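Below is one structure; the comments refer to it alone.
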């Protein structure tokens, strides 16, 4: 298969999967699906795809064949993600051991979600900084 055709097929499968997943999620939650919800489920992935496709074409037209990242950037990101992996693994393990030593037997799920959101946000910001260096 040609590269362009494979990219289009992949994006189509991803879009259809997102739309079907939205409907399945709402049916599991027991929400009655009306026209406005269906329009949001179908429209949001299509609009997001259109915006990303337009920005990609605009960047390619403006920059030509200049690559977005070179070998140095890839090496820096690899080192950053390796450091983050060890920090998260050892840091969360140490935090769990400290909590267990303090006698805490259960962890509230809401607090765990908040901690993970903060962790993802910090990792994402670090990725943007490492990519721009």
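Descriptive notes on the structure:
- Output for segment 56-69, where each listed residue is within 22 Å of the chain's Cα centre (by Cα) and surrounded by 10 or more Cβ atoms within 10 Å (Cβ to Cβ): 56, 57, 59, 69
- Test: residue in segment 21-31 that is out of contact with any helix residue (DSSP H, G or I) (no Cβ under 6 Å at 6 or more places or on another chain), surrounded by 10 or more Cβ atoms within 10 Å (Cβ to Cβ) and under 30 Å from residue 122 (Cβ atoms): yes
Each reported figure results from applying straightforward, stated rules to the coordinates on display, with no laboratory input. On a predicted model such as this, the values are computed, not experimentally measured, just so you know. A quick note on method: Cβ atoms are made from the backbone with ideal geometry, for glycine too, and the neighbour counts reach across all protein chains shown.
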